[in-house]
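Read through the structure below, which is laid out as structure tokens, and then see the notes.
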Amino acid sequence: MAAATPNLGWGLVGTSGYAARVCVPAVTETPTARLLAVASSSQERAATFAADAGIPCGYGDLDALLANPDLDAVWIASSSYLHFEHATRAIRHGKHVLLEKPLALTANEGWELVKLAQASGVRLATGYQARYVPGHIRMRELVTAGAIGRIVTARSLYGMRRDSAPKTWRGHKETARWGVLADIGTHHVDLLRMLLGEVESAIGLTAAQRGYETEDLAVAALRFSGDVLATLTATASYYRPTTVVEVTGTQGALVATDTSPTGQGRVVLHHADGGTEDITGETPHSAQAQLATVTAAFLGEDVAYATGEDGARNLDVLEQIAPA
């Protein structure tokens, strides 16, 4: 008789469009995960969301969800200003946590969550889906192997098109602190760290071209070890949704185009002789790949994932780029 497949009971915190569009399918498509409960600030909204998504339990109170003994982990997809509070409560209830970025609105709070998770014996993961894109993983392998020679520089562009003002909380510094830096730019900070190692220093400029409090344009310069320099641009006013991550070495370059946010797009290795090689590989939805990997980690497997430490380090970088 075959052994039963181990599985993890998940709870979802948040009932936004992202939760419905991304989180629910990611869990339901992972054989080792079961989505058992959802929490919202409104019991009516939680019940409606649960019924629509086929989730057994809907709670209008976070502590009620966390008290559910069948839950091993929670995916927190609430508003950014609630992340620190919600994650703190979940960790203190002994739950593993997958927390959407940013971990918190300050690096200090991010590191507090890391220390709390360590002290509580639970795992904390940060929602950086780009780490699970097969083409990005292949880029890191080739960089490590020296396939493009000594790394000289890198550049990244994350352009989204937002035709109207962001949701109320996203447009205010009190509730969001940052705009595009925390919304999209942080994904490329994390990906550059995955490819190049730790950021030694960073500086940046930001602009609020549309007139709300949080920035809708950010441009930064980052220094990595070995005097590798990189640039990062994040904007909410690009003419079409576009992402580019390019790593250039003395013997070639690696270029990922439109691989965020869902893991589609293309990754190409450029050789010094002018030849190219498509190294894209498989293109699963990055959120589903993330959930499968994080679930494996929470079940005790030795797999690489975006940890709480990664989330806190990325907050350190954001505070260097835009400290106010």
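Ignoring everything except DSSP H segments at least 4 long, calculate the 222 nm mean residue ellipticity for the chain; use -39,500 (n - 2.57) per segment, divide by total residues, nearest 500.
-9000 deg cm²/dmol
Is segment 70-127 best put as rounded, prolate or oblate by its Cα gyration tensor, with a ≥ b ≥ c the root eigenvalues, rounded for a/c under 1.5, and otherwise prolate when a/b is larger than b/c, oblate when not?
Verdict is oblate for segment 70-127.
What distance in nm separates the simple spin-label points at residue 29 and residue 268, each placed 7 Å from Cα in the Cβ direction?
Result: 2.6 nm between the two label points.
With axes computed from alpha carbons, what is the tilt in degrees of helix 43-53 against the longest principal axis of the chain, rounded to the nearest 10 within 0 to 90?
So the helix axis and the longest Cα principal axis differ by about 70 degrees.
Please name whichever of 172, 226, 146 sits farthest to the positive end of the charge dipole of the chain, dipole taken about the Cα centre and charges placed at Cβ: Lys and Arg +1, Asp and Glu -1.
172
Magnitude of the Cβ-charge dipole of the chain, K/R +1 and D/E -1, about the Cα centre, nearest 20 debye?
Numbers: 26 positive and 34 negative charges, 66 e Å.
Charge dipole of the chain: 320 debye, to the nearest 20.
Which percent of Cα-Cα pairs in segment 8-129 sits in each 10 Å bin, short to long?
Spelled out per bin, shortest first, that is 14, 51, 31, 4.
Please tell me the relative contact order of segment 8-129 in percent, rounded to the nearest whole number, where contacts are Cα pairs under 8 Å and at least six residues apart.
Working: 233 pairs, mean separation 27.4, N = 122.
That works out to 22 percent.
Once you sort the root eigenvalues of the Cα gyration tensor of segment 227-324 as a ≥ b ≥ c, which label holds: rounded (a/c under 1.5), prolate (a/b larger than b/c) or oblate (the other case)?
Note, shape of segment 227-324 comes out oblate.
What residues have an amide H closer than 5 Å to that of residue 58, excluding those fewer than 5 places away on the same chain, when H is modeled at 1.01 Å from N in the peptide plane?
38
Return the single residue from 252, 11, 300 with maximal mean-square fluctuation; model: Gaussian network over the chain, springs between Cα atoms under 10 Å.
300
Please give me the summed charge of the neighbours of residue 221: other residues whose Cβ is under 13 Å from its Cβ, Lys and Arg +1, Asp and Glu -1.
Details: positive: 155, 223; negative: 200, 227.
Value of the local net charge: 0.
Separation of segment 37-52 and segment 65-129 by C-alpha centroid, Å?
After rounding, the separation between the Cα centres reads 20 Å.
Given the C-alpha centroids of segment 162-209 and segment 276-298, what is the distance between them in whole angstrom?
Taking the Cα centre of each part, segment 162-209 and segment 276-298 sit 23 Å apart.
Among 280, 48, 126, which one shows the highest mean-square fluctuation when the chain is modelled as a Gaussian network with alpha-carbon springs under 10 Å?
Judging by the Gaussian network model, the answer is 48.
Roughly what angle does helix 308-321 make with the longest principal axis of the chain, taking Cα atoms, 0 to 90 degrees, to the nearest 10?
50
Give me the percent relative contact order of the chain, please, defined on Cα pairs under 8 angstrom at least 6 residues apart.
In percent, rounded to a whole number, it is 19.
In degrees between 0 and 90, to the nearest 10, how far off the longest principal axis of the chain does helix 83-92 point, with axes built from Cα atoms?
60
With a 10 Å cut-off between alpha carbons and a GNM built on the chain, which of 295, 214, 28 moves the most?
Result for the chain, Cα springs under 10 Å: 28 fluctuates most.
Consider all pairwise Cα distances in the chain and report the whole-number % of them above 32 Å.
28
Quick check on the exposure proxy: order 63, 72 from fewest to most C-beta atoms within 10 angstrom.
In order of increasing Cβ crowding within 10 Å: 63, 72.
For residue 278 and residue 242, calculate 0.36 nm times their separation in residues minus their Cα-Cα distance, and state this gained length in nm to one decimal. Each step should come with its number before you reach the end.
Working: separation 36, 0.36 × 36 = 12.96 nm, distance 1.89 nm.
Between residue 278 and residue 242, full extension yields an extra 11.1 nm.
Quickly work out the residue 301-to-residue 85 label distance, labels modelled 7 Å from Cα along the C-beta direction, and quote it in nm with one decimal.
Each label point lies 7 Å from its Cα, and together they span 3.6 nm.
Using the Cα centre of segment 171-306 as origin and beta-carbon charges of +1 (Lys, Arg) and -1 (Asp, Glu), tell me which of 254, 290, 205 is placed farthest towards the positive end of the dipole.
205
Every number in this text was worked out from the coordinates using simple rules, so none of it is lab data. The structure displayed is predicted, hence computed values, not measured ones. In this analysis, Cβ positions are derived from the backbone assuming ideal geometry, glycine residues included, and neighbour counts consider all displayed protein chains.
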